[in-house]
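Down below is the structure, laid out as structure tokens.
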Amino acid sequence: MADLIREKGLLYIVATPIGNLGDMAPRAVEVLQSVDVIAAEDTRHSRRLLTHFNIETPLVAYHDHSDERRLQVLLNRLMKGDDIALISDAGTPLISDPGYRLVKEARSRDIRVVPIPGPCALVAALSAAGMPTDRFLFEGFLPAKAGARCRRLQQLCDDSRTVVFYESPHRIEDSLADICQVFGEQREAVIARELTKTFETFLAGNLASLCQTLAEDDNQRKGEFVIIISGAKDTEQHDLSPDALRIVKILAEELPPKQAAALAAKITGIKKRMLYDALMGKSKHVPD
Ligand code: SAM
């Protein structure tokens with residue numbers, strides 16, 4: 001049986017550095033040297049990495065938007081006994097990176113899929129941020145459009161788990177501003193930037209202070225980012241202080257409930273949703 005399985009090739013999923021070439025695992029180099037072909041997200045980008053490690057294995061392009069034919073070519077090669085390694089531009093393939101379709105189709109054909117673990121920005125950031133890591137929610141990239149982004153954030157803001165996002169320099173300020181608006185100014189967060197590289201930075205503080213730091217310092221908006229937000233506190237989900245309740249009620253005398261809740265959220269730093277619920281009589285408040 002083992003021989004039968006071995007007749008098919010192996011599909012290796014190989015993690016590569018997220019900035020520091022010193023993080024390339026010896027096993028990753030061995031596998032990349034020994035396979036018949038390396039499937040890479042961007043062959044020109046990966047060629048530089050492979051040259052650095054004297055890896056001369058042929059490269060082919062593969063990403064999740066590759067046409068069906070390209071996927072089939074790789075699967076046929078695996079079925080015929082070729083070993084293939086999948087790499088992405090950086091980090092662990094399939095983690096906000098291509099590879100899902102290939103792995104799924106390979107597994108459905110009983111092709112052995114072998115992980116070669118290594119760098120991953122999500123894990124690197126969490127491991128050093130000082131945020132709770134016992135339970136966390138990885139959301140990858142937030143939607144690019146503000147409306148969809150805020151709707152996604154609304155779905156997440158009451159979760160008690162640590163929430164992790166990836167973000168690019170083009171959108172870091174807009175995304176952080178929306179996170180701040182929906183999660184509230186007081187929510188604690190960490191921005192992990194340029195991990196493993198020269199300008200690696202961890203910024204910690206509440207969301208309002210982080211937005212301010214980014215607005216004031218161009219350098220903090222450059223590079224690659226992992227955003228880590230602390231989970232909602234249980235009390236945050238249920239209790240509203242008498243002051244907050246008074247503010248939202250006063251505003252609601254002059255404004256529609258949604259606007260009153262939004263304005264009260266800006267004044268108090270408490271989540272809009274919670275203030276709205278309190279107005280509608282759906283949540284408790286702490287008695288005087
Ligand atoms: N597969 C990769 C991994 O394992 O982390 C992630 C690929 S995803 C296309 C790229 C995003 O990961 C970046 O926009 C950034 O959010 C995050 N990222 C990658 N390298 C990073 C680094 N050195 N420092 C901080 N974030 C990084």
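Let's see how each residue does on (1) over 18 Å from Gln212 (Cβ atoms); (2) under 14 Å from the mean Cα position of the chain (by Cα); (3) more than 9 Å from the ligand (Cβ to nearest atom); (4) open to solvent by 30 Å² or more (accessible area, probe 1.4 Å):
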{"position": "Gln154", "(1), (2), (3), (4)": "yes, no, yes, yes"}
{"position": "Asp158", "(1), (2), (3), (4)": "yes, no, yes, yes"}
{"position": "Arg161", "(1), (2), (3), (4)": "yes, no, yes, yes"}
{"position": "Ser175", "(1), (2), (3), (4)": "no, yes, yes, no"}
{"position": "Val182", "(1), (2), (3), (4)": "no, no, yes, no"}
{"position": "Arg193", "(1), (2), (3), (4)": "no, yes, no, no"}
{"position": "Lys197", "(1), (2), (3), (4)": "yes, no, no, yes"}
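The listed residues are Ile247, Ile267, and the only one of them that is open to solvent by less than 60 Å² (accessible area, probe 1.4 Å) and modelled with pLDDT of 85 or more turns out to be Ile247.
One line per residue, one yes/no per condition, for (1) in contact (Cβ under 8 Å) with a residue 24 or more places away in the chain; (2) within 13 Å of the ligand (Cβ to nearest atom); (3) part of a loop (DSSP other than H, G, I, E, B):
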site	(1), (2), (3)
Tyr12	yes, no, no
Ile18	yes, yes, yes
Arg27	yes, no, no
Ala39	yes, no, no
Arg44	no, no, no
Arg47	no, no, no
Asn54	no, no, yes
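Of all residues in the stretch 73-111, those satisfying the criterion of being assigned to a loop (DSSP other than H, G, I, E, B), under 30 Å from Gly19 (Cβ atoms) and among the small types (Gly, Ala, Ser) are Ser88, Ala90, Ser96, Gly99.
Checking each residue in the stretch 85-130 for being open to solvent by 10 Å² or more (accessible area, probe 1.4 Å), touching a residue at least 24 places away in the same chain (Cβ under 8 Å), more than 14 Å from the ligand (Cβ to nearest atom) and assigned by TED's automatic domain parsing to the domain that holds Ala40 picks out Arg101, Glu105, Arg109, Asp110, Arg112, Val113, Val114.
Within the stretch 145-167, residues that are under 23 Å from Ser127 (Cα atoms) reach partners that are of a type in the set (Ser, Thr, Tyr) and modelled with pLDDT of 95 or more with beta carbons closer than 8 Å, at six or more positions or on different chains, in the pairs Thr162/Thr133; Thr162/Ser230; Phe165/Ser175; Tyr166/Ser96; Glu167/Ser175. For Leu255, the stated conditions do not hold, so it cannot be described as farther than 22 Å from Gln155 by Cβ, surrounded by fewer than 20 Cβ atoms within 10 Å (Cβ to Cβ) and in contact with a helix residue (DSSP H, G or I) (Cβ under 6 Å, 6 or more places away or on another chain). Leu203 fulfils the conditions (1) touching a residue at least 24 places away in the same chain (Cβ under 8 Å); (2) within 15 Å of the ligand (Cβ to nearest atom); (3) surrounded by 15 or more Cβ atoms within 10 Å (Cβ to Cβ) except for a single criterion, (1).
Residues in the stretch 210-231 that are small (Gly, Ala, Ser) and buried (at least 16 other Cβ atoms within 10 Å of the Cβ): Gly223, Ser230, Gly231.
In the set (1) modelled with pLDDT under 95; (2) in a helix (DSSP H, G or I); (3) within 27 Å of the chain's Cα centre (by Cα), Arg69 fails one condition alone, (3). Could you please let me know if Phe141 is in contact (Cβ under 8 Å) with a residue 40 or more places away in the chain and either within 30 Å of Tyr12 (Cβ to Cβ) or open to solvent by 50 Å² or more (accessible area, probe 1.4 Å) (or both)? So Phe141 fits the description; yes.
The values are calculated or read from the model by the stated rules, or taken from the named source; none is laboratory data. What you see is a predicted model, and the numbers here were worked out from it, not measured in a lab. We place every Cβ from the backbone using ideal geometry, glycine too, and count neighbours over all the protein chains shown. All accessible areas refer to the heavy atoms of the entire protein, side chains included, with ligands and DNA or RNA removed. Shrake-Rupley method; radii C 1.70, N 1.55, O 1.52, S 1.80 Å.
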